[in-house]
Amino acid sequence: MEDIHQDPFPPLHGPSPPPTASVDFPPHFRCPISMELMQDPVTISTGVSFERANIEKWFFTYNKKTCPATMQTIVNFDITPNYTLKRLILSWKMKESCSSTSLLPSSSMEYHDVVADLLKNIESSPFKASSLKKLRLLMAVDDVAAVGAKPVFVRVNGFEILVRIVTQVAICECSDFANFEACEEALGVLSQFPFSKTEKPFELLSEPEAIKSMAIILQRGSIEGRFYAMEMLQQISKKGYDWNSLTKHQIIDLFKSILELASDEIIKKASAIKTMDSSTITQCRYGTLFSSALELLIEIMESSKKSRLLSIEAGAVCVMIDLLPDSNRSKCEKILYILKLLSECAEGRSAMGEHTMGIATVTKKMSISNTATKIGMKILWYICSYHPSERVLEEMMGCGTVKKLLGILNGDGSSSTKEKAMKVMKLHGSFWRRFPCFPYEYRDYLKLINQ
């Protein structure tokens, strides 16, 4: 299978449109900052959508506190993917690409024939990727849905056919390039269909073999295939998939696939990009995949304590700590939240304490935002409240954690964060006070809070 490091950054859904300079695209597809067609639209708290890389640069590189479009003062810097707008842009791009070809049939009867013929070829031919790619392009165009191509696809058992192709990667342990390519294209077709928990696609994609295949694609697929697999896993997760239905081995393998994807060097570097040049624009898709991996981890870990324990067994604590130093603000907050979830378990707290840079890294990244401070304080509270070893307490003194706690007590943070810092100081302040490096000016203050 084509290695991700050699991937020529293919478009997420089908061929690229003609250069935007020669295409008159709808004005609401234009990023208010760059005035160019958006590829990864996100929405901020004012309700305005921007290209992700542009607005992240505005907030986190230039440290602007206003909305670039309305100039309103921003308090909440959360960035939310605008999937509806992205799908509209992809649909428009597909129409532009197809307008000069004969891909789109001219009548509803022809749509039925085209879909039926493509599915017939997919079932009978050993070379399925070409027909699957045509089917994916056909499904991506909104006009096709209007005349009934998607309902036709459902009636001719298209879901069953495609999921069988997807599961071949899991069934055939030594899948060749053709199987991988077919699986990726099949996932690309399936990604065009939103579905509910009661519908057939959810049932089929929830089978352990389908989950295993998508996990394998996350590990060994092309960048496009990884996007499709991640999109489908997120979709079934958001629809309420019971991750506890997987066996211990299956869920650990899935965690390892997601963690390996997040640890990929290209993806890891892209997640920390703050400048805006041509290479950043292309690598932005890697950063999006990194964010999706973190979001999927959160969704699975939040589902049960069992899932958190298995993620720890899969190495989640070490991977998250290793990713934390180079992460930008939005990624940092997600990683800290994952570490917070893991710190709720004794095994997670133990792994945090045993990692040579765990507590130091969390302490350092707490300063990146108020949200990071709040989450980081919860992590420290969990570690300090459940009988930490003297070595851990000494490490907190040496790496600046104690100084951080004292700063929180005297700062302008939230009352709940201050309360946790106060409780930690009451628990262990007498131990830390013995160290010569304990700030002299706080020795009397420590006596007061212990009264």
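Here are a few things to note about the model shown:
- Selection count where residues are among the acidic types (Asp, Glu), part of a helix (DSSP H, G or I) and more than 15 Å from residue 382 (Cα to Cα), scope segment 296-349: 5
Results for (1) within 19 Å of residue 182 (Cα to Cα); (2) modelled with pLDDT of 90 or more; (3) open to solvent by 40 Å² or more (accessible area, probe 1.4 Å), shown as yes or no for each residue.
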{"residue": "196", "(1), (2), (3)": "no, no, yes"}
{"residue": "233", "(1), (2), (3)": "yes, yes, no"}
{"residue": "237", "(1), (2), (3)": "no, yes, no"}
{"residue": "255", "(1), (2), (3)": "no, yes, no"}
{"residue": "260", "(1), (2), (3)": "no, yes, yes"}
{"residue": "267", "(1), (2), (3)": "no, no, no"}
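- For segment 14-29, the criterion of a residue being modelled with pLDDT of 85 or more, open to solvent by 40 Å² or more (accessible area, probe 1.4 Å), out of contact with any Ser or Thr (no Cβ under 6 Å at 6 or more places or on another chain) and not in a loop (DSSP other than H, G, I, E, B) is satisfied by at least one position.
- Matching residues, segment 51-73, being touching a residue at least 12 places away in the same chain (Cβ under 8 Å) and in a loop (DSSP other than H, G, I, E, B): 67, 68, 69, 70, 72
- Scanning segment 66-79 for residues that are of a type outside the set (Phe, Trp, Tyr) and surrounded by 11 or more Cβ atoms within 10 Å (Cβ to Cβ) yields a total of 9.
- Count of segment 285-329 residues, restricted to those that are surrounded by 17 or more Cβ atoms within 10 Å (Cβ to Cβ), within 19 Å of residue 247 (Cβ to Cβ) and of a type in the set (Lys, Arg), is 1.
- Single unsatisfied condition, residue 369 versus (1) of a type outside the set (D, E, K, R); (2) touching a residue at least 60 places away in the same chain (Cβ under 8 Å); (3) open to solvent by 20 Å² or more (accessible area, probe 1.4 Å): (3)
The values are calculated or read from the model by the stated rules, or taken from the named source; none is laboratory data. All of these numbers come straight from a predicted model, not from anything done at the bench. Heads up, the Cβs are rebuilt from the backbone with ideal geometry, glycines too, and the neighbour counts pull from every protein chain shown. Note: accessible area is taken over every heavy atom of the protein model, side chains too, but ligands, DNA and RNA are not part of it. Shrake-Rupley method; radii C 1.70, N 1.55, O 1.52, S 1.80 Å.
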